[in-house]
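Participant: Below is one structure. I have some questions about it.
The values are calculated or read from the model by the stated rules, or taken from the named source; none is laboratory data. Everything numeric here is computed off the predicted structure, so don't read it as measured data. No Cβ is skipped: glycine too gets one built from the backbone with ideal geometry, and neighbour counts run over all protein chains shown. SASA here: full protein model, heavy atoms, side chains in, ligands and nucleic acids out. Shrake-Rupley method; radii C 1.70, N 1.55, O 1.52, S 1.80 Å.
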Amino acid sequence: MSEAYIVEAVRTPVGRRNGGLAGVHPADLAAHTIREVVDRSGVDPAAVEDVVFGCLDQIGAQAGDIARTAALAAGLPETVPGVTIDRQCGSSQQAVSFAAQAVMSGQSDLQLAGGVQLMSRYPLMSGFLAGKEFGDPDPWTGCEGWQARYPGEEISQFRGAEMIAEKWAISREEMEAFAYESHRRALRAIAEGRFTKEITPVAGIDTDEGPRADTTPEKMAGLKTLAPGGRLTAAVSSQISDGSAALLIASEQAVRDHGLTPRARVHHVSARGDDPVMVLTAPIPATAYALAKTGMRIGDMDTVEINEAFASVVQAWLKETGADPAKVNPNGGAIALGHPIGATGARLMTSMLHELERTGGRWGLQTMCEGGGQANVTIIERL
């Protein structure tokens, strides 16, 4: 089996809702990271065999296979195809997995993988809303098999996050302390220039817009809960965001043929499912599965990126895995930096690689919860 190497990894700044990236066409946003990866690597664009990009709510400007549109908008030759992936919030992490698997199998030598999302224009679940015109209020109503298996269940990430907080006995105060630390870490990373190398400025924006320097535990404590009697507030939830990220995945042959310098090796990729009603717990069994498959322990990881969809998701994962909190999301997560859903997986991978390089770490693990009760896990080895 061939090795799959990460040669380049870049991202845009993450723009806040209606912020600096809101007016950029999503295909142009994706094209920007594609061009930057090609330019930084120096690879011949015609040698790229596929562009695999994640994107949700594929309507309007995000419809029509945005991976292909973005590849053409980036100036890649017309011979380079593109395919758009929807594994919900894990779409662009899955895009990296598919690209790596194609290379590992020997069927491909050079692939571009990443993701894009413009949530300012297309809010979360816009695809659901688009279906109402055709009489479909959501993906489950009217599905006999689903209703027989999960009769009358409300399917909502907000409900799932509340259920997790209750099951793992995570208080509002604990979640707010976690969220505050996410902002603190992100602001420190920005101040120290930790993101500078991984970010390619776009639309005059060169810094993540999400972290709030003025947030305080007192302000968080004063917010209303998302549901009456609940524990979650907007402060402990990921931010609505815009952004894109892209990575170049190469085989050993491509590295030799194009004179590339690999920065990391993709050691493991997998995905697992869990309870679709609780929705957000799958990173727990998915991490256990990946570690068992590789014979590794969570303590072997020098850094971990787990998406902060909600504070309770990461806190439950920490309780179950016993991971060192200091190594988990060391530069903040989606609560502070934002969550452009179709792009977040590639954004996390990009940040994880750069953090391993910054600290001299060897192993990194990435996981994230996804709609349908799923999770991806990727383990990379810095070279």
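Participant: Failed condition for ARG256, given (1) in contact (Cβ under 8 Å) with a residue 40 or more places away in the chain; (2) open to solvent by 10 Å² or more (accessible area, probe 1.4 Å); (3) of a type outside the set (A, V, I, L, M, F, W, C), with all others met?
Facilitator: So ARG256 meets the others, but not (1).
Participant: Which of the following residues is in contact (Cβ under 8 Å) with a residue 40 or more places away in the chain, open to solvent by less than 10 Å² (accessible area, probe 1.4 Å), assigned to a helix (DSSP H, G or I) and among the aliphatic types (A, V, I, L, M): VAL103, VAL116, VAL52? Talk me through it step by step, then tell me what you get.
Facilitator: Working: VAL116 fails: assigned to a helix (DSSP H, G or I); VAL52 fails: assigned to a helix (DSSP H, G or I).
The conditions single out VAL103.
Participant: Among (1) buried (at least 17 other Cβ atoms within 10 Å of the Cβ); (2) without any contact (Cβ under 8 Å) to a residue 12 or more places away in the chain; (3) aliphatic (A, V, I, L, M), which single condition is LEU110 missing?
Facilitator: Tallying (1) buried (at least 17 other Cβ atoms within 10 Å of the Cβ); (2) without any contact (Cβ under 8 Å) to a residue 12 or more places away in the chain; (3) aliphatic (A, V, I, L, M), LEU110 fails exactly one: (2).
Participant: Got a number for residues in the range 55-86 being of a type outside the set (S, T, N, Q), farther than 22 Å from MET349 by Cα, part of a loop (DSSP other than H, G, I, E, B) and out of contact with any helix residue (DSSP H, G or I) (no Cβ under 6 Å at 6 or more places or on another chain)?
Facilitator: Total meeting the criteria: 6.
Participant: Would you confirm whether or not the range 232-242 contains a residue that is part of a loop (DSSP other than H, G, I, E, B), under 30 Å from VAL80 (Cα atoms), among the aliphatic types (A, V, I, L, M) and touching a strand residue (DSSP E or B) at 6+ places or on another chain (Cβ under 7 Å)? Give the steps one after another, and end with the answer.
Facilitator: The initial filter retains those residues of the range 232-242 that are part of a loop (DSSP other than H, G, I, E, B), namely 232-233, 238-239.
Adding the requirement that they be under 30 Å from VAL80 (Cα atoms) leaves none.
For the range 232-242, residues part of a loop (DSSP other than H, G, I, E, B), under 30 Å from VAL80 (Cα atoms), among the aliphatic types (A, V, I, L, M) and touching a strand residue (DSSP E or B) at 6+ places or on another chain (Cβ under 7 Å): absent.
Participant: Checking LEU187 against (1) open to solvent by less than 40 Å² (accessible area, probe 1.4 Å); (2) in contact (Cβ under 8 Å) with a residue 60 or more places away in the chain; (3) part of a helix (DSSP H, G or I), which single condition isn't satisfied?
Facilitator: Answer for LEU187: the failing condition is (1).
Participant: Sticking with this structure for a sec: What do you reckon, is GLU320 of a type in the set (D, E, K, R) and in a helix (DSSP H, G or I)? Break it down into steps so the answer makes sense when it comes.
Facilitator: Values: of a type in the set (D, E, K, R): yes; in a helix (DSSP H, G or I): yes.
Against the criterion (of a type in the set (D, E, K, R) and in a helix (DSSP H, G or I)), GLU320 qualifies.
Participant: Quick one: is GLY295 modelled with pLDDT under 95, among the small types (Gly, Ala, Ser) and open to solvent by 60 Å² or more (accessible area, probe 1.4 Å)? Break it down into steps so the answer makes sense when it comes.
Facilitator: Working: modelled with pLDDT under 95: no; among the small types (Gly, Ala, Ser): yes; open to solvent by 60 Å² or more (accessible area, probe 1.4 Å): yes.
Answer is no for this residue.
Participant: While we're here: Take VAL266 and tell me if it is under 20 Å from the mean Cα position of the chain (by Cα), surrounded by 20 or more Cβ atoms within 10 Å (Cβ to Cβ) and not in a loop (DSSP other than H, G, I, E, B).
Facilitator: Working: under 20 Å from the mean Cα position of the chain (by Cα): yes; surrounded by 20 or more Cβ atoms within 10 Å (Cβ to Cβ): yes; not in a loop (DSSP other than H, G, I, E, B): yes.
For VAL266, the condition - under 20 Å from the mean Cα position of the chain (by Cα), surrounded by 20 or more Cβ atoms within 10 Å (Cβ to Cβ) and not in a loop (DSSP other than H, G, I, E, B) - is met.
Participant: How many residues does the range 330-353 contain that are assigned to a helix (DSSP H, G or I) and either of a type in the set (Gly, Ala, Ser) or surrounded by fewer than 23 Cβ atoms within 10 Å (Cβ to Cβ) (or both)?
Facilitator: The initial filter retains those residues of the range 330-353 that are assigned to a helix (DSSP H, G or I), namely 334-337, 344-353.
With the extra rule that they be either of a type in the set (Gly, Ala, Ser) or surrounded by fewer than 23 Cβ atoms within 10 Å (Cβ to Cβ) (or both), the set shrinks to 334, 336, 345-346, 351.
Count: 5.
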